[in-house]
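The values are calculated or read from the model by the stated rules, or taken from the named source; none is laboratory data. These numbers come from a predicted model, not from an experiment. Backbone-built Cβ (ideal geometry, glycine too); neighbour counts: all protein chains shown.
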Amino acid sequence: MEETFVIDNGSCQISRKSCNRNSHHMLPVVDWMSDVPKTLDESDLVEVQFKNTRKGYYHNAEHLPLEKGSVIIVEANPGCDMGEVTLTGRLVATQIKKNRINTERYEIRNVIRLATDADLQRAAEAHAKEQDTMIQARQLAKSLGLEMKIGDVEYQGDGTKAIFYYIAEGRVDFRQLIKVYAETFRVRIEMKQIGARQEAGRIGGTGPCGRELCCSTWMTQFTSVGTNAARLQNISLNPQKLAGQCAKLKCCLNYEVPVYEEAVKKLPLRHQTLETKDATYYFFSSDPIKGEITYSTDSHRPMNLQTISAKMARDIIEMNCRGEKPISLGGKQSSSELIEIDYQNVVGQDDLTRFDKKKNNRNRNNNGRRRDNHSRNQQSNKA
């Protein structure tokens, strides 16, 4: 009976034939053109996935019968590496363009052959050392006093090279560290700096929405996320709720920003006031998606709140420009007392005013005690 070796590359367990279907792929790709007949000008490029989210693109110069899930040996510098084919055909060029890879600077190497059982055994022995190597590498970096964290270690398929992924706030002079690593692990060393979002993508996990992390399933380009995205969507600014597993602002805050920006353009400007015969109304809050604006008769606090549509607000502004004033806004009237703003909280924000309510009751009790003490003092003085 032929012995079969199985290795875990961080995203799935792979054997000589294909990937285990029950396992999960990081950054999966759907070949929606797989049933389209191949043509003579079919591209020989293939997309190959290695450990976790690391991918590369290679030429199938030998015209091997490759398909999605094939485990192959590819050229590396130095030696060779082993990975799994995730995409073939004409969509590979689209993926290269989507990931913004400069083909003039990016060296596209060749596929050598299909992986054998001997290749799988050699790769399994190399990957088995990654966890111990990472722990020892962290200890060596700490002993040298370097302000950096080794997030992950990846051995090349032939075991001649190791990639150390590290996280650091600034620039780190790790020349001495590379010498120590080379003497300790007896392999070629490559250092790659990654950010907190890239580390979360390599680790994987489930977000508060119940879905797997975007950075580990499909996101490859990370854009900056600011608190303005939360303000624009009327989301409460609670750092504990807005932060993801990477301790940074969630990338999903940017998903609906273009929709809100287009919706805000349809609303009147905030500094524009509405003049009616009974009062002057100032901007208080808005719901861009619903196209509604809430106005207050006080410019600093909510008083006599009126909610009207954006179209009605523009009509009243046009009337004011002509010197006309409507009798009233005629919108949905809210309580004139101080109210808690409904932020349509999708991140589970708690009631932040619960402490204020207790504080108000305490102040009332204190005021009552002061009045009683004052009346007692007056009575004693009269006596």
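Summary of computed values
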quantity: Residue match in region 179-190 (condition: on the phi > 0 side of the Ramachandran plot and more than 28 Å from the chain's Cα centre (by Cα)); calculated: yes
quantity: Output for region 164-198, where each listed residue is among the aliphatic types (A, V, I, L, M) and touching a residue at least 40 places away in the same chain (Cβ under 8 Å); calculated: V180, I194, A196
quantity: Every pair of residues 6+ apart whose Cβ atoms lie under 7 Å, when the first sits in region 63-91 and is closer than 13 Å to V111 by Cα while the second is surrounded by 16 or more Cβ atoms within 10 Å (Cβ to Cβ) and aromatic (F, W, Y); calculated: V74/Y58; D81/F50; G83/F50
quantity: Long-range neighbours under 6 Å by Cβ, at least six apart or interchain, first residue over 14 Å from E324 (Cβ atoms) within region 266-279, second basic (K, R); calculated: P268/R314
quantity: Any chance M1 is assigned to a loop (DSSP other than H, G, I, E, B), over 25 Å from E190 (Cβ atoms) and either among the charged types (D, E, K, R) or modelled with pLDDT under 85 (or both); calculated: yes
quantity: Residues located in region 216-248, provided they are surrounded by fewer than 19 Cβ atoms within 10 Å (Cβ to Cβ) and aliphatic (A, V, I, L, M); calculated: M219, L232, L237, A243, A247
quantity: Verdict on V111 being modelled with pLDDT of 85 or more, under 23 Å from Q221 (Cβ atoms) and touching a strand residue (DSSP E or B) at 6+ places or on another chain (Cβ under 9 Å); calculated: no
quantity: Candidate set: region 204-237, residues that are of a type in the set (V, I, T) and in contact with a Cys (Cβ under 9 Å, 6 or more places away or on another chain); chosen: the one farthest from Y166 (Cα to Cα); calculated: V225
quantity: Candidate set: region 71-101, residues that are among the charged types (D, E, K, R) and in a loop (DSSP other than H, G, I, E, B); chosen: the one nearest to I112 (Cα to Cα); calculated: R90
quantity: Selection status of A247, touching a Leu at 6+ places or on another chain (Cβ under 8 Å) and either polar (S, T, N, Q) or touching a residue at least 12 places away in the same chain (Cβ under 8 Å) (or both); calculated: no
quantity: Any pair with Cβ under 8 angstrom, 6 or more apart, that starts in region 97-108 at a residue that is farther than 19 Å from A76 by Cα and ends at one that is modelled with pLDDT of 85 or more and surrounded by 11 or more Cβ atoms within 10 Å (Cβ to Cβ); calculated: none
